[in-house]
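What follows draws every value from the coordinates through simple rules; no lab data is involved. The structure displayed is predicted, hence computed values, not measured ones. Neighbour counts run over all protein chains shown; Cβ positions are idealised from the backbone, glycine included.
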Amino acid sequence: MPKTSEQLASLRSRRGEKLHVIELDVSEMIKSPSSSADAVVAAISETDAQISAGKDVLVMTSRRLVLGVDALSSLSIGGLVAGALVKIVQGLSVQPRYIIAKGGITSSDAATKGLRIKRAMVLGQATPGVPLWRCDEESSKFRGVPYVVFPGNVGGRDTLADLVDAWAE
């Protein structure tokens with residue numbers, strides 16, 4: 001998480017007004033099922049509107065680590081957050097130009113559950129250690145959209161910002 005937080009800070013700083021940021025407040029989301037559902041619905045609506053307006057959008061979770069009272073409840077919080085991110089991808093109606101998913105399990109869930117990817121072509125590396133996929137399956141959500149699988153522990157402080165700079169308009 002510290003490396004991802006550092007990379008997100010660099011991305012936000014570098015892209016400034018060119019990047020629309022939607023931050024999901026984990027502390028608020030865990031208060032009740034309705035607060036989580038409301039955050040997801042709002043994020044979907046805002047993301048669709050911003051993509052339609054030609055903006056690059058960053059959907060991210062709050063950076064403060066929220067832990068439960070024990071390991072099981074902490075795991076439950078992680079599951080809720082991952083589920084919310086998947087629901088956001090599932091709910092999008094406007095096709096983005098590209099998708100970058102950060103984190104191992106998050107990237108996998110966004111691909112398989114959110115985008116309904118069963119099989120993808122690995123086109124190469126978006127940057128060293130960061131695979132670039134394309135899924136042309138009829139059943140996938142956004143057929144042909146470049147999908148970048150950005151593991152949580154890869155790259156330096158500016159790697160994510162460099163990557164977005166290369167894809168952004």
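Inspect region 52-69 for any residue being without any contact (Cβ under 8 Å) to a residue 12 or more places away in the chain, over 28 Å from Ser13 (Cα atoms) and either aliphatic (A, V, I, L, M) or surrounded by 13 or more Cβ atoms within 10 Å (Cβ to Cβ) (or both) and give the result as yes or no. Checking region 52-69: at least one residue is without any contact (Cβ under 8 Å) to a residue 12 or more places away in the chain, over 28 Å from Ser13 (Cα atoms) and either aliphatic (A, V, I, L, M) or surrounded by 13 or more Cβ atoms within 10 Å (Cβ to Cβ) (or both). Listed conditions (1) touching a His at 6+ places or on another chain (Cβ under 8 Å); (2) assigned to a helix (DSSP H, G or I) are all met by Leu58, apart from (2). Selection of region 65-81 for residues being within 14 Å of Val26 (Cβ to Cβ) and assigned to a loop (DSSP other than H, G, I, E, B) yields Leu65, Val66, Leu67, Gly68.
Filter region 10-51 for residues that are outside any helix (DSSP H, G or I) and buried (at least 16 other Cβ atoms within 10 Å of the Cβ) and give the result. Listed by number, the residues that qualify are Leu19, His20, Ile22, Leu24, Ile30.
Within the group Thr112, Thr127, which residue is over 21 Å from Ala42 (Cβ atoms), surrounded by fewer than 21 Cβ atoms within 10 Å (Cβ to Cβ) and in contact with a helix residue (DSSP H, G or I) (Cβ under 6 Å, 6 or more places away or on another chain)?
Unique residue meeting the criteria: Thr127.
Restricting attention to region 56-103, which residues are among the acidic types (Asp, Glu) and farther than 20 Å from Ala168 by Cβ?
Here is the first cut: in region 56-103, the residues among the acidic types (Asp, Glu) are 56, 70.
Scanning region 56-103 gives a single hit, Asp70.
Residues satisfying the criterion are absent from region 104-114 (criterion: in a loop (DSSP other than H, G, I, E, B) and either in contact (Cβ under 8 Å) with a residue 12 or more places away in the chain or hydrophobic (A, V, I, L, M, F, W, C) (or both)). I'd like to check something: does region 38-51 contain any residue that is of a type outside the set (Asp, Glu), touching a residue at least 12 places away in the same chain (Cβ under 8 Å), closer than 20 Å to Ile105 by Cα and touching a Ser or Thr at 6+ places or on another chain (Cβ under 9 Å)? No, that holds for no residue.
The set of residues from region 132-153 being under 26 Å from Arg63 (Cα atoms) and crowded, with 18+ Cβ neighbours inside 10 Å comprises Leu132, Tyr147, Val148, Val149, Phe150.
Residues in region 1-37 that are in contact with a Ser or Thr (Cβ under 6 Å, 6 or more places away or on another chain) and in contact (Cβ under 8 Å) with a residue 60 or more places away in the chain: Leu24 alone. I'd like the full set of residues that are out of contact with any strand residue (DSSP E or B) (no Cβ under 7 Å at 6 or more places or on another chain) and within 18 Å of Val89 (Cβ to Cβ), limited to region 20-61. Listed by number, the residues that qualify are Met29, Ser36, Ala37, Asp38, Val40, Val41, Ala42, Ile44, Ser45, Asp48, Ala49, Ser52. Note on region 86-105: among residues that are in contact with a Leu (Cβ under 8 Å, 6 or more places away or on another chain) and of a type outside the set (Lys, Arg), the one that is nearest to Leu163 (Cα to Cα) is Ile100. For region 114-169, taking the residues that are of a type in the set (Ser, Thr, Tyr) and in contact with a strand residue (DSSP E or B) (Cβ under 9 Å, 6 or more places away or on another chain), the one that is farthest from Pro2 (Cα to Cα) is identified as Tyr147.
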